[in-house]
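Peer 1: Submitted below is the structure of interest, expressed as structure tokens.
What follows is calculated from the coordinates using simple rules that are stated; it is not laboratory data. Nothing here was measured: the structure is a model prediction, and the numbers come from that model. Because the Cβ atoms are built from the backbone with ideal geometry, glycine has one as well, and the counts that use them run over all protein chains shown.
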Amino acid sequence: MNPEIKAKWLAALRSGEYQQGQNWLKNGKGGFCCLGVLCDLYRKEIGKGGWEIYYESRIFTLDDAKAPYYPPTRVIDWAGLGESWEALNKIRITIDGTENSLAEHNDQGKTFSQIADAIEDQIPGDEE
């Protein structure tokens, strides 16, 4: 993973700025999945992409990509987490003895703090 983006993502997850939500990158009540936080960082850092109303939720839009559940390929590649959502979903982290994907841990109620600690310890940066 890109170490600069990793540091910014960890800081954002721990900042308290983002309310946590499940099942969508961003839900209609303003709650984010940990991967939605990554999309929002991309939007802020790169100045591209945005959130669009989608039923009772929000999707991240970037050029032609409309992403409700996983970041668009460009965001995943920017972060250095693979080249597709399938590659991202294969990244497994262990929290409280359970190994899952980032999205699964988020949707099963692990806190942003727990997820950030696992990312920090278990997903190496390019320099590590």
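Peer 1: Run the simple label-point estimate for N2 and D63 please: 7 Å along Cα→C-beta, distance reported in nm.
Peer 2: In this crude label model, N2 to D63 measures out at 1.5 nm.
Peer 1: Explain nothing, just the number: relative contact order of the chain, from Cα pairs under 8 Å at least 6 residues apart, as a whole percent. Please list the in-between numbers first.
Peer 2: Details: 205 pairs, mean separation 34.8, N = 128.
Normalised by residue count, the contact order of the chain is 27 percent.
Peer 1: Considering only lysines 8 or more places apart in sequence, or on different chains, count the pairs in region 1-112 whose C-alpha atoms sit under 17 Å apart.
Peer 2: On the way: K6/K44; K8/K44; K26/K44; K26/K48; K26/K66; K26/K110; K48/K66.
Lysine pairs satisfying the spacing and distance rule in region 1-112 number 7.
Peer 1: Further question on the same structure: Compute, for the chain, the length of the dipole vector about the Cα centre, with Cβ point charges of +1 (Lys, Arg) and -1 (Asp, Glu) only. Units Debye, rounded to 20. Before the final figure, lay out the partial values.
Peer 2: Numbers: 14 positive and 21 negative charges, 101 e Å.
Computed about the Cα centre, the dipole is about 480 debye.
Peer 1: Which of rounded, prolate or oblate describes region 47-128 when judged by the alpha-carbon gyration tensor and an a/c cut-off of 1.5?
Peer 2: Details: a/c = 2.26, a/b = 1.42, b/c = 1.59.
Note, shape of region 47-128 comes out oblate.
Peer 1: Rank by packing, highest mean first: peptides 107-116, 18-27, 94-103, with packing defined as the count of other Cβ atoms within 10 Å averaged across residues.
Peer 2: Details: 107-116: 16.5, 18-27: 19.1, 94-103: 13.9.
Ranked from most to least packed, the peptides come out as 18-27, 107-116, 94-103.
Peer 1: Continuing with the same structure: Identify the GluC sites (Glu not before Pro) of region 1-90 meeting these criteria: DSSP loop state and at most 14 other C-beta atoms within 10 Å of the C-beta. Walk me through the numbers before you get to the answer.
Peer 2: On the way: sites: E4, E17, E45, E52, E56, E83, E86; in loops: E17, E56, E83.
Those that pass, being in a loop and sparsely packed, are E17, E56, E83.
Peer 1: Can you give the FRET efficiency for I95 and E56, using 1/(1 + (r/R0)^6), R0 = 35 Å, r = Cβ-Cβ distance, to the nearest 0.05? If you can, show how the numbers build up before the last one.
Peer 2: Working: r = 28 Å, r/R0 = 0.81.
E(calc), rounded to 0.05, equals 0.80.
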